[in-house]
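Readers should treat all values here as calculations from the given coordinates under stated rules, not as data from a laboratory. This is a predicted model, so every value here is computed, not measured. Positions of Cβ are backbone-derived with ideal geometry, glycine not excepted, and every protein chain shown enters the neighbour counts.
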Amino acid sequence: MSAFKNLPTAPVAPKKPVTDTRHGISRTDDYAWLRADNWQAMFKDPSTLDPEIRKHLEAENAYMNAAMADTKELQKALFGEMRGRIKEDDSSVPMKDGAFAYGTSYVTGGEQPRYFRIPRDGNPKDEGIRHVLLDGDKEADGKAYFRLAGIDHCSDHSRGIWGYDDKGSEYFTLKVRDLSTGEDLPDLIENTGGGGAWAPDGKSFFYTVLDENHRPSKIFHHIIGTPQKGDRLVYEEKDPGFFMSVGGSLLDDFIYIDIHDHETSEYRLLSTSDLTAEPRLVAERVTGLEYSMTEGGDVFYILTNAAGAKDFKIMEAPVEAPQKENWREVVPHKPGTLILNHMAYARHLVWLQRREGLPEIVIRDRKTGEEHAIAFAEEAYSLGLSGAAEYDTDVIRFSYSSMTTPSQLFDYNMATRQRTLLKTQEVPSGHNPDDYVTRRVFAPSWDGVEVPVTLLYRKDMPLDGSAPCLLYGYGAYGITIPAGFNTNCLSLVDRGFVYAIAHIRGGKDKGFQWYEDGKMAKKTNTFKDFIAAADYLNQEKFTSYANIIAEGGSAGGMLMGAVANMAPEKFKGIIAAVPFVDVLNTMLDDTLPLTPPEWPEWGNPIESAEFYNIIAGYSPYDNVEAKPYPAILALGGLTDPRVTYWEPAKWVAKLREKTTGSAPILMKTNMDAGHAGAAGRFQRLEEIAFEYAFAIKVAGKM
């Protein structure tokens, strides 16, 4: 029986057929008109959206509100529970850097972080010595949307660059603040990617500028006190298929220009001894060659997949001659052990790796070559490596959590191997880990490959198939979904849900090959793995097909659209957040921000008839058919530059036209935000409470 009754008439998007012919194949898109022709301008000024499109999105929101009206009290209860698990006046443990230690904090009721510093050896709990550098709540006052890009101080600690986005379009504005007075200087840098890299003298910095198609195409050098229009162009990337960022080394010796797509890297270095010089190429881009760099005094350490090192290895090269021909192996490639990132300090080399599906931190003494690892014994867990803000140190910082264990923050002395617990995540409303079970199980996929699935459920939950399940998946870009502590999902688990994460191909959960086996021509493995996870949970009676609500966002939203087409009978409901569902049309539109950089992930259907047909074969929007679909909730953001609002809008229009079932197809568009949704910490909880209320209603557990 449907939980949705007496709904008003759903919006019907008018059909305005547009036909496109590629590779001799013609396709007609009835809902192409929902794509705003002026999207570049609209991202900067949402009021310029075509009135007909706005009217349709608002009608969808009204229908969604009517369908979810009876969940208002449930949403309030969920929000209250989630908020109750957050320490509202929480504060980070400050990180030491020179004469100061820097941290972030929140005030009770505050949405945005405060950035502060204290004397290096001051007591972090002493409020009297805290100097607030940036008050996010103050800066956000009066704005419907506001996201900080943080604040980055210069070497002498006198000034900081801070950035903000007040539309959700990810066009950030940078300002420069005098850290002693709290006053902003007149400098104003607009249309940036969100941060800058200081020159050592604190009198200038480097930053990226986004072009009209929202791509970081240029790096400029800004001198404090001069207008942005006079800034020197340091480097321009002409290939729209590459991302670009700028950063600085711990020793302040170099500015890094990192240029990359999803399979190819290129670094250029600018010595801070001559800020007017041209950046120096390290190793030219070669398709499939990836590398990243960190400075180690007289050498660079280079993490790379060169010469067939699929799971990566670490090389070193002299600082004065870092070109590829001078790379020498330091940490060899070990198939099945994926090195994720690396850091270098005066006496130690550190890296985070994943082996047998679990993360570990490895420390290497640079003088002796001796290595040791930091690992944990739980069946599934998450590690975060934050390192240190100083080069000449033996102490690094890392975090640990599991699905049942709240996050713990440690300082670790790499020389003595002493681990110091700095902080354990507080759950003010209470949390007893012994009430819950976390497990790592393996679901056989269509080709016999075993897909890891992490489970969390209450110890007293009956394993007879009656429990509802939220099954989460992503599976793209090599991103691994950690099995970490998540206070929000406890609101589902405490209501008898199983919370499950399917670690499907397309991520790097089981090494780099796991990623390669879920991209390009092998993309459908991602979808089949997720369905296999649902099959396993049904077979082993953790839940049943009639009780599974699937959830995924962005590229995980593509996953949701694909499994809705492939196996709608195996899901009671689907939550697709900012879903990348119009894959073929988006990959054919090379003006969109992410299209050229995404071709190495999905294939280029403009140039290749083969990839045109591959993408057309799974693109969720293009494969909606006349069949009964489960209840679907799609969420979009009006100013989202990553997955544009018209993708879920078109998808929902077509689903509603084609479905032969009675389950509701709902869409919620955040008219004041972009890809990440609301920026405030409690505003974000309201969005999660809404999604969970949909899941609970669909499961019949209200």
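Some notes on this structure:
- Cross-link reach list, lysines versus Lys125, counting only Cα pairs under 16 Å and skipping chain neighbours closer than eight places: Lys87, Lys96, Lys423
- Applying 0.36 nm per residue to the separation of Ser180 and Ala373 and subtracting their alpha-carbon distance, the gain on full extension is 65.4 nm.
- Cβ crowding within 10 Å averaged over residues, with 88-98, 239-249 ranked highest first: 239-249, 88-98
- Options Asn326, Val624, Ile25, ranked by Cα towards positive dipole end of the chain, top entry (Cβ charges): Val624
- Cα-based reach from Lys519 at 21 Å (exclusive), listing lysines while leaving out same-chain residues under 8 positions away: Lys310, Lys508, Lys510, Lys528
- Sorted largest first, the principal axis extents computed over the alpha-carbon atoms of region 591-702 equal 49, 38, 19 Å.
- Take the Cα of Arg120, step 7 Å toward its Cβ, do the same at Asn413, and the gap between the two points is 1.8 nm.
- Ranking of Lys324, Lys459 by count of other Cβ atoms within 10 Å, fewest first: Lys459, Lys324
- Along its principal axes, region 362-520 has C-alpha extents of 57, 45, 22 angstrom, given from the largest down.
- Electrostatic dipole magnitude of the chain [Cβ: Lys, Arg +1; Asp, Glu -1; Cα centre; debye, to 20]: 1720 debye
- A crude spin-label estimate for the pair Ala66 and Lys16, with each label 7 Å from Cα along the Cβ direction, gives 2.4 nm.
- Over the chain, DSSP H runs of length four or greater, each weighted -39,500 (n - 2.57), average out per residue to a 222 nm ellipticity of -5500 deg cm²/dmol.
- 17 Å cut-off, amide nitrogen to a point 7 angstrom out along Ala609 Cα→Cβ, residues in region 7-30: 21-27
- Cα shape, region 52-120, gyration tensor, a/c 1.5 rule: oblate
- Within the chain, no whole DSSP H helix has Cα atoms reaching 27 Å or more along its own axis together with a mean Kyte-Doolittle score of at least 1.0.
- Around Ala500: net Lys/Arg minus Asp/Glu count, Cβ-Cβ under 12 Å: 0
- The relative contact order of region 115-228 comes to 17 percent, based on Cα pairs under 8 Å that sit 6 or more residues apart.
- As a proxy for reagent exposure, Met558, Met461 were ordered by neighbouring Cβ count within 10 angstrom, fewest first; the result is Met461, Met558.
- In terms of Cα atoms, the Rg and Dmax of the chain work out to 25.3, 73 Å.
- Averaged over residues, the count of other Cβ atoms within 10 Å places the peptides 625-633, 500-508 in the sequence 500-508, 625-633, highest first.
- Projected label distance in nm at Ala346 and Asp298, using a 7 Å step from Cα toward the beta-carbon: 1.6 nm
- Gyration tensor verdict on region 337-426 (Cα atoms; rounded if a/c is under 1.5, prolate if a/b is larger than b/c, oblate otherwise): oblate
- Reachable lysines, given that their alpha-carbon falls under 24 Å from the alpha-carbon of Lys143 and they are not under 8 places away in the same chain: Lys44, Lys55, Lys76, Lys167, Lys175, Lys668
- Normalised contact order of region 592-699, rounded percent, pairs of Cα under 8 Å and 6 or more residues apart: 25 percent
- Taken over the C-alpha atoms, region 93-134 has Rg and Dmax values of 10.1, 32 angstrom.
- Region 56-213, dipole about Cα centre (Lys/Arg Cβ +1, Asp/Glu Cβ -1), debye to the nearest 20: 540 debye
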